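Accompanying notes for the structure given below.
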Amino acid sequence: VRAEGPIRVEHIGLLEKTLGLQRKRGDGDAAARTSALLIDLVDDPKERAARRRDAAVLLAERGQGKQAAALIDQALAENPHDEEALLVLCELPDKVVDKKALKARLARTLPELDNNDSAPASRVRAKLWERLGALQRKRDAAAARASFEKAVALDPDRLPAREALVGLYGSAPEHAEAAAETHRRLLAADVTRTDSLRALAASFSRRGLVD
């Protein structure tokens, strides 16, 4: 977008139309520039955070991860509970994200989120809990297990979280029922999973359920 004078609030409609056309024709560089122009034209903090999030997605798609991470940090400073912004941050390349800070942010923020039972919101939160579990897994297996369990409670079809859980449950007797249910869910998605078939057979054998 080129203008002879400064960009003002009354240009928002034109900028949004231009952004849509740029995205439609796949002009990511131009779309990223237009999206950045929109950020400072809105006064509402939540809307401005959403603008920053959109611009960050475009930058990430262009391989500009550090700039995307900086925008997401600004978005979350204005709206710490912006789940979509958190998801964008979680999906940025590891090399541009401070994983320790991300783990602390997710652990602090996820329990504070308002209840929202809609399917899209549940799927987003499941991804966030799954990411937290992955970050916790190396140093705190119990916390990771709880996070992955949150993920599958929100989205029962979240297979990566279930796959992580079977590894964390192992063959511990106290997790036998949960492990068996997880394996059953994985088999429902893929009946050829030999690891789950063997694990269920071993579980039944240990409990004397095999003739």
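Taken together, the values in this text are just the output of simple stated rules run on the coordinates, not laboratory data. Remember, it's a predicted structure, so these values are computed and weren't measured experimentally. Reconstructed Cβ throughout: ideal geometry from the backbone, glycine too, with neighbour counts over all protein chains shown.
Fully extending the segment from residue 195 to residue 81, taken as 0.36 nm per residue of separation minus the present Cα-Cα distance, adds 37.2 nm. Using the Cβ of residue 142 as centre and a radius below 14 Å, the other residues enclosed give a net charge of +2, where K and R count +1 and D and E count -1. The shape of the stretch 33-90 comes out oblate: with a ≥ b ≥ c from the C-alpha gyration tensor, a/c is at least 1.5 while a/b does not beat b/c. Each eigenvalue of the Cα gyration tensor of the stretch 2-114, multiplied by 5 and square-rooted, gives one semi-axis; in descending order these are 27, 16, 10 Å.
Compactness of the chain was expressed as the Cα radius of gyration divided by 2.2 N^0.38 Å, which yields 1.30. Listed values for the stretch 106-122 are Karplus-derived 3J(HN,Hα) couplings in whole Hz (6.51 cos²θ - 1.76 cosθ + 1.60, θ = phi - 60°), namely 5, 4, 7, 8, 4, x, 8, 5, 5, 5, 8, 8, 5, 4, x, 5, 5, and x replaces Gly and Pro. Loop-located trypsin sites (Lys or Arg not before Pro) in the stretch 136-200 (DSSP state not H, G, I, E or B) with no more than 12 neighbouring Cβ atoms inside 10 Å: 138, 139.
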